[in-house]
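The values are calculated or read from the model by the stated rules, or taken from the named source; none is laboratory data. Computed from a predicted model, the values in this text were never measured in an experiment. All Cβ positions, even for glycine, are placed from backbone atoms using ideal geometry, and neighbour counts span all protein chains on display.
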Amino acid sequence: MTPVEVGRGDGPVVLGLPHAGTWLPEDIRARLNPRGRGLADTDWHIDRLYDGLLPGATTVRATFHRYVIDANRDPSGQSLYPGRNTTGLVPLTDFDGAPIWDDAPDAREIEARRVACHAPYHAALEAELERVRQRHGVAILYDCHSIRSHIPFLFDGTLSDFNIGTNMGTTCAPAIEAAARGICERSEGCTTAVNGRFKGGWTTRHYGRPAEGLHAIQMELAQSTYLAEEAPPWAFDAEKAAGLRGRLASILETLADLAPSLGGK
């Protein structure tokens with residue numbers, strides 16, 4: 001299976017989907033323990049949630065699971081959140097801090113996975129961002145994520161419904177963060193955090209260079225906003241998702257409309 005799928009559009013927005021994939025090569029699956037093979041840390045159905053929301057958007061989707069290698073981690077292995085619980089380039093535990101491997105990969109295998117999966121994903125993402133920037137003068141990367149709303153190993157209490165990350169405002173123009181925040185905060189019955197527990201992963205931080213016409217923002221959704229239950233079988237709740245999709249569409253449409261004011265063509 002190819003490690004990345006690209007859906008090419010003609011608009012200024014690129015959707016990154018680093019954690020929607022569930023593919024595991026059989027040799028890797030065999031080395032996971034039963035808990036690991038449950039794939040609990042998947043961004044379940046996030047590709048379905050965003051499908052068709054913004055005509056003209058480009059999508060770049062990793063097909064491999066984050067337990068193969070995490071496409072949203074620094075390839076050097078440096079932590080995104082020093083001093084806090086998190087998972088690494090190849091996770092050794094799940095989000096609850098429990099081991100996921102019977103036979104964990106060594107440094108040589110991690111490097112092989114980086115070359116086979118992580119690097120092709122980012123080569124495709126970088127190429128699409130550059131293509132879009134050449135066409136529009138700017139490119140806006142919107143990185144799509146979701147996570148369970150209760151994970152004591154990673155954060156206290158209940159996660160907000162919408163979690164916007166711009167690495168403290170450094171990865172995009174202020175108007176992009178403000179537009180996304182405003183739509184989220186006006187969403188009745190929903191809670192919003194900006195640069196809270198999730199400040200944007202490596203993808204957002206690496207590609208977000210506003211001075212060069214590359215803007216990046218991460219949206220981490222609580223899975224309670226669109227799953228029937230945050231537990232197996234991780235069923236998609238169409239009724240919940242319908243309302244959420246409307247809000248997400250408003251965000252994406254607004255970001256696309258902002259492109260000309262950011263120096264775009």
**Asked** Can you name the condition, by its number, that Pro99 falls short on among (1) at pLDDT 95 or above; (2) surrounded by 16 or more Cβ atoms within 10 Å (Cβ to Cβ)?
**Response** (2)
**Asked** Got a number for residues in the stretch 138-151 being under 20 Å from Glu253 (Cβ atoms) and assigned to a loop (DSSP other than H, G, I, E, B)?
**Response** 1
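Is one or more of the residues making up the stretch 129-137 in a loop (DSSP other than H, G, I, E, B), surrounded by fewer than 23 Cβ atoms within 10 Å (Cβ to Cβ), touching a Lys or Arg at 6+ places or on another chain (Cβ under 8 Å) and modelled with pLDDT under 95? Spell out the reasoning first.
First pass over the stretch 129-137, keeping only residues in a loop (DSSP other than H, G, I, E, B): 137.
If we keep only those that are surrounded by fewer than 23 Cβ atoms within 10 Å (Cβ to Cβ) as well, we get 137.
In the following step, the residues that additionally are touching a Lys or Arg at 6+ places or on another chain (Cβ under 8 Å) were identified as 137.
The next check asks that each one be modelled with pLDDT under 95; those that pass are none.
Among the residues of the stretch 129-137, not one is in a loop (DSSP other than H, G, I, E, B), surrounded by fewer than 23 Cβ atoms within 10 Å (Cβ to Cβ), touching a Lys or Arg at 6+ places or on another chain (Cβ under 8 Å) and modelled with pLDDT under 95, which makes the answer no.
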**Message:** With the requirement that a residue be touching a helix residue (DSSP H, G or I) at 6+ places or on another chain (Cβ under 7 Å), of a type in the set (D, E, K, R) and within 22 Å of Leu39 (Cα to Cα), what does the stretch 198-245 give you?
**Reply:** Glu230
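Determine, yes or no, whether Ala173 is in contact with a His (Cβ under 8 Å, 6 or more places away or on another chain), on the phi < 0 side of the Ramachandran plot and in contact (Cβ under 8 Å) with a residue 24 or more places away in the chain.
Values: in contact with a His (Cβ under 8 Å, 6 or more places away or on another chain): yes; on the phi < 0 side of the Ramachandran plot: yes; in contact (Cβ under 8 Å) with a residue 24 or more places away in the chain: yes.
Yes, satisfied.
Among what's in the stretch 226-249 and is within 14 Å of Ala57 (Cβ to Cβ) and surrounded by 18 or more Cβ atoms within 10 Å (Cβ to Cβ), pick the residue that is farthest from the chain's Cα centre (by Cα). Break it down stepwise before answering.
Filtering the stretch 226-249 down to residues within 14 Å of Ala57 (Cβ to Cβ) leaves 245, 248-249.
Retained after the next criterion (residues that are surrounded by 18 or more Cβ atoms within 10 Å (Cβ to Cβ)): 245, 248.
Values: Arg245: 16, Leu248: 14 Å.
Only one residue fits best here, namely Arg245.
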**Prompt:** Counting only residues that are touching a residue at least 40 places away in the same chain (Cβ under 8 Å) and more than 29 Å from Asp96 (Cβ to Cβ), which one in the stretch 28-59 is nearest to the chain's Cα centre (by Cα)?
**Reply:** Thr59
**Request:** Can you give me the number of residues within the stretch 106-121 that are in contact (Cβ under 8 Å) with a residue 40 or more places away in the chain and either crowded, with 21+ Cβ neighbours inside 10 Å or closer than 15 Å to Pro25 by Cβ (or both)?
**Result:** 8
